[in-house]
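Below: the structure, in structure tokens.
FYI, it's all coordinate maths here, none of it is from the lab. No experiment lies behind these values; they were computed from the predicted model shown. FYI the Cβ positions are ideal-geometry reconstructions off the backbone, even for glycines, and counts take in every protein chain you see.
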């Protein structure tokens with residue numbers, strides 16, 4: 001038997017003021033998108049913003065539905081929108097933020113498992129890493145180099161060969 005260890009490396013910033021201007025602007029776009037989220041059931045509003053290789057910013061919000069689990073996460077909304085509006089254009093960076101109407105919104109959150117798998121698929125599709133910026137409405141900010149960092153044993157098209 002052999003044991004293997006996988007670790008995650010990420011950057012930690014005190015708050016958004018420490019970010020590079022481009023990252024700060026993208027995080028602000030995600031925070032603004034939170035306002036348009038449709039989350040009447042969970043009251044957990046999530047906003048995402050993508051920076052594409054062509055310089056375009058594409059927002060996304062979570063969209064809930066009374067018929068769970070029909071809703072869609074903000075990250076996948078943004079990725080689907082980008083793929084529809086800008087087919088063939090890679091995503092460089094994804095920022096995600098949230099507002100928990102029933103509690104605190106002060107710490108970073110990471111994409112859920114379905115979103116992590118989707119991000120990994122986009123990275124493989126375009127052969128380009130997607131940096132992920134994670135934050136609440138205020139407080140610390142985490143940045144990972146790519147989606148694979150959050151999903152080291154992801155399922156991919158190569159597993160289907």
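How far is it, in nm, from the label point at residue 38 to the one at residue 12 when both lie 7 Å from their Cα along the line to the Cβ?
3.8
Measuring from label point to label point, each 7 Å out along Cα→Cβ, what is the residue 158 to residue 66 span in nm?
Computed distance between label sites residue 158 and residue 66 equals 4.6 nm.
Just to verify a number: FRET efficiency for residue 54 and residue 106, C-beta to C-beta distance, R0 = 30 Å, to 0.05?
Efficiency, from the Cβ-Cβ distance: 0.35.
Using Cα pairs closer than 8 Å and at least 6 residues apart in sequence, work out the relative contact order for the chain, in percent.
24
Calculated from DSSP H runs of 4 or more alone, at -39500 (n - 2.57) each and per residue, what is the 222 nm mean residue ellipticity of the chain, nearest 500?
-8000 deg cm²/dmol
Considering only 129, 111, 21, give the residue with the highest GNM mean-square fluctuation for the chain, with springs between Cα atoms whenever their separation is below 10 Å.
Most flexible of the set in this elastic network: 21.
Would you mind telling me which residue in 43, 31, 92 has the biggest mean-square fluctuation in a Gaussian network model of the chain, where springs connect alpha carbons within a distance under 10 angstrom?
Fluctuation is largest for 43.
Out of 139, 103, 113, any idea which swings most in a Gaussian network model of the chain, alpha carbons joined below 10 Å?
Highest fluctuation of the listed residues: 103.
Hey, what's the Kirkwood Rh for the stretch 19-94 if you take every pair of different alpha carbons, in angstrom?
Here the Kirkwood hydrodynamic radius works out to 12.6 Å.
In vacuum, with every alpha carbon of the stretch 17-152 counted as one equal point scatterer, what does the Debye formula give for log10 I(q)/I(0) at q = 0.19 Å⁻¹? Two decimals, please.
After summing over all Cα pairs, the log10 values are -1.05.
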